[in-house]
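Okay, structure first, notes after.
Please treat every number below as a calculation from the coordinates, not as lab data. Since the model is a prediction, treat every value here as computed from it, not as a measurement. We place every Cβ from the backbone using ideal geometry, glycine too, and count neighbours over all the protein chains shown.
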Amino acid sequence: MLIKMPQLKIGDLIARLPIIQGGMGVGISLSKLAAAVANEGGIGIISSVGLGILHPQAGKTYKEANIAALKQEIRAARSQTKGIIGVNIMLAISDFDEMINAAFEEEADIVFLGAGLPLKVPGSMTLEYLQNTRTKIGIIVSSGRAAKIILSHWAENFKRIPDLVVLEGPKAGGHLGFKLEQIFDEKFSLENVLPQVKEAVKEIELKYAKTIPVIAAGGIFSGAQIDRIMKLGADGVQMGTRFVATEECDADPAFKQLFVDCQEGDVVIIKSPVGLPGRAINNQFLKDVALGIKKPFACPWKCLKTCDYRDAPYCIARALQNARDGLMSDGFAFAGANACLVKKITTVKELFADLIREYSEHRLLPQGLRG
């Protein structure tokens, strides 16, 4: 007997399963993966970063190509599913306003805002539009303090509260919202920070009579872990790494195979050119960078606000694109802390079946054995 996972309710938007596929750039989670996840009852997320590099368009600047490509990806996902499609947009990108405008114009079901504190009205929209749009807004945070600041600011200044909060812990892949010394400090673990975020959210829920789901992210790999974190108060989970090794993932097979081949100890913390720590699978490219070897490049345009291309040892957008295209000698892959647990390339349908089975088996264990 399988025990069903609960639904994830975000206002009037209901996902059959409480699983959000994380937005992974450059080009790892696009329309194909997002639509496959949505078709299985989860929430599929398109990563908006670097789309103009992946899909250059004749006569268009990189900024224009970014906008056109994002709209194309949202439409492509819509053509493949009737499920829930979201877009991840980092505040750190130089064309944040234009990209979020594009996501709202295409009526993405959810827009996730991360890599910064969203304390101004997004894009060029009016307050009236923000208050009435059908698109849900999710904020990505790494602390209860950040959640409280953003939620309170929106409530007081925009008369609109974000619809869900994603707490991304220090075991996540990619850029991390933690100082280097915090990443392995148990005080900042997902399990310890979750109650703080829940408390911050509860204050706003009570004050404004609105339910705001809290989503746990970072290092969650199995159905058993989904059960554990939801028992601690999470309303759902966001998972990235485990979705990489699927046939529907939008990356090259060589990129996916890197995750299958990953062994314990291969995942390392790096210092990104944009000034943040990040978690990635170690390879020769990263070893060269650690030795001080620069990877010459010409900056096509300043895609990230915090990147100083004149001092950067390599172009992170190009490195991630190269890896996505299977050129591992010229790039690297961001990955979560549990990447070494990936054993094979599967389908999204099979992955969801595994997660549901693992969740159910864990729920059926005697209380003392659930761990």
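Please list, in order along region 183-196, the HN-Hα scalar couplings obtained from phi with the Karplus expression 6.51 cos²θ - 1.76 cosθ + 1.60 (θ = phi - 60°), rounded to whole Hz, x for Gly and Pro.
Each residue's phi maps through the Karplus curve to give 4, 10, 8, 4, 4, 9, 5, 4, 5, 7, 8, 3, x, 5 Hz.
Of 271/343; 187/271; 32/210; 60/256, which ones are farther than 24 Å apart at the Cα?
271/343; 32/210; 60/256
Using 0.36 nm times the number of residues separating residue 179 and residue 268, minus their current alpha carbon distance, what extension gain do you get?
That pair, residue 179 and residue 268, stretches by 30.6 nm at full extension.
I'd like to know which of 50, 282, 194 lies farthest towards the positive end of the charge dipole of the chain, counting +1 on Cβ of Lys and Arg and -1 on Cβ of Asp and Glu.
Toward the positive end, the furthest listed residue is 194.
In whole Hz, with x marking every Gly and Pro, tabulate ³J(HN,Hα) for region 141-155 from phi via Karplus 6.51 cos²θ - 1.76 cosθ + 1.60, θ = phi - 60°.
Each residue of region 141-155 in turn: 10, 10, 7, x, 4, 4, 4, 5, 4, 5, 4, 5, 5, 5, 4 Hz.
Any aspartates and glutamates with Cα under 13 Å of the residue 349 Cα? List them, leaving off those in the same chain fewer than 8 positions away.
40, 247, 248
State the Cα centre-to-centre distance between region 194-226 and region 1-51 in whole Å.
Result: 17 Å between the Cα centres.
When only Cα pairs under 8 Å and 6 or more residues apart are kept, what is the percent relative contact order across region 208-271?
27 percent
Hey, can you grab everything whose amide H is under 5 Å from the amide H of residue 239? Only 5+ residues off in sequence or another chain; H modelled, so Pro and N-termini drop out.
20, 21, 22
Do you know the relative contact order of the chain, to the nearest whole percent, from alpha carbon pairs under 8 angstrom that are 6+ apart?
Taking the mean separation of contacting Cα pairs over the length of the chain, I get 18 percent.
In nm, give the distance between the simple-model label positions of residue 134 and residue 341, each being 7 Å from the Cα along the Cα-to-Cβ direction.
The answer from the label model is 3.7 nm.
Within straight cross-link reach of residue 202, meaning Cα distance under 19 Å, which aspartates and glutamates are found once same-chain residues fewer than 8 apart are removed?
By straight Cα distance, residue 202 reaches 156, 163, 168, 191, 235.
Search the structure for amide H atoms under 5 Å from the amide H of residue 166, placed 1.01 Å from N in the peptide plane, and list their residues when 5 or more places away or on another chain.
So residue 166 has HN proximity to 139, 140, 141, 215.
Provide the per-residue ³J(HN,Hα) series for region 236-248, in order, calculated from phi with Karplus coefficients 6.51, -1.76, 1.60 and θ = phi - 60°, each as a whole number of Hz, with x at glycine and proline positions.
The phi angles translate into x, 10, 10, 10, x, 3, 5, 7, 5, 7, 10, 4, 7 Hz.
Hey, could you get me the Stokes-Einstein D for the chain, Kirkwood radius over alpha-carbon pairs, 10 °C and 1.306 mPa s, rounded to whole µm² s⁻¹?
It comes out at roughly 77 µm²/s.
Take the alpha carbon atoms of region 100-165, find their center, do the same for region 243-279, and report the distance between the two centers in whole angstrom.
Their Cα centres are 29 Å away from one another.
Rounded to the nearest angstrom and ordered from largest down, what semi-axes does the equivalent ellipsoid of region 33-184 get from its C-alpha gyration tensor (root of 5λ)?
That gives 24, 19, 17 Å for the three semi-axes.
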